1. Out of Arg64, Arg60, Arg110, I need the residue that is on the phi < 0 side of the Ramachandran plot and over 20 Å from the mean Cα position of the chain (by Cα). Which one?
2. Filter the range 35-50 down to residues that are touching a Pro at 6+ places or on another chain (Cβ under 9 Å) and touching a residue at least 24 places away in the same chain (Cβ under 8 Å), then give me how many there are.
3. Which of (1) touching a Cys at 6+ places or on another chain (Cβ under 8 Å); (2) closer than 20 Å to Thr78 by Cβ does Arg181 not meet, given it meets every other one?
4. Could you tell me which of the residues Pro141, Pro156 is within 29 Å of Leu67 (Cα to Cα) and more than 11 Å from the chain's Cα centre (by Cα)?
5. Residues being without any contact (Cβ under 8 Å) to a residue 40 or more places away in the chain, closer than 24 Å to Arg85 by Cβ and aliphatic (A, V, I, L, M): count how many of those fall in the range 151-206.
6. Pick out the one residue from Pro63, Pro55 that is farther than 20 Å from Leu158 by Cα, in contact with a Gly (Cβ under 9 Å, 6 or more places away or on another chain) and not β-branched (Val, Ile, Thr).
Amino acid sequence: MVANNGSSKNGKANAEELTDKQVFTTGEAATVCKVSQQTIIRCFDAGRLNGFRVPGSRFRRIPREELMRFMRENDIPTDAFQGGRKRILVVDDDEQIVDLFRDMLADDPRFEVKSAATGYDAGVVSAEFHPDLMILDYMLPDINGNVVCETVRKNPELADMKIIIVSGVVNQQEVDNLLDRGADDFLKKPFNVQTLMQRVETLLGV
């Protein structure tokens, strides 16, 4: 793709201002993607970037989700849409555990946090939220964590997502099996909050 010739400082500021929008012009999309407007127009006209034309005009418009899809498929960072924050999904049916994670992570400006209580909901939220990290309880009401790992790993858009399994009931052989199924780390309940935060920071590189 063609690099945007605008200054990186101004481009970054403009991109941050634009990321709350739901529909983008080709110029705005170019600013967010840090490419030329002509690149965006060519991709739109070729069908690589979907959207619509304003009735009665030649102007193109691109919905937010479509722009994010295009960026992910072309390895363009989408961090600007979260103000640079890392997205964390907490999957646990224990409300006290979820509240603990929210207290620990949600007030940290580096993170955006969502939660799910079942394995099914974890799959749905992951597809929409595109987490950078999932903190996953092994024993869920509907399916076990290893099934969730296998399911989300089949989604190419979640290939880079990190997964930390937390549980108080699994043995070492089961832990090894979870790591083989796609988990990146394991933490035994009850866990030290500081230790968990260190694991999160390490996996996310923050």
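1. Exactly one residue qualifies, and that residue is Arg60.
2. Residues of the range 35-50 touching a Pro at 6+ places or on another chain (Cβ under 9 Å): 50.
After this cut, where a residue has to be touching a residue at least 24 places away in the same chain (Cβ under 8 Å) as well, the list is none.
Number satisfying all stated conditions: 0.
3. For Arg181, the exception is condition (2).
4. Within the list Pro141, Pro156, the selection yields Pro156.
5. So the answer is 8.
6. The conditions single out Pro63.
The rows are residues; the columns are (1) modelled with pLDDT under 90; (2) farther than 23 Å from Glu95 by Cα; (3) hydroxyl-bearing (Ser, Thr, Tyr); (4) crowded, with 16+ Cβ neighbours inside 10 Å.
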position	(1), (2), (3), (4)
Ala127	yes, no, no, no
Tyr138	yes, no, yes, yes
Gly168	yes, no, no, no
Pro190	yes, no, no, no
Thr195	yes, no, yes, no
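The values are calculated or read from the model by the stated rules, or taken from the named source; none is laboratory data. Note that the coordinates shown come from a computational prediction; the quantities given were computed from them, not determined experimentally. Backbone-built Cβ (ideal geometry, glycine too); neighbour counts: all protein chains shown.
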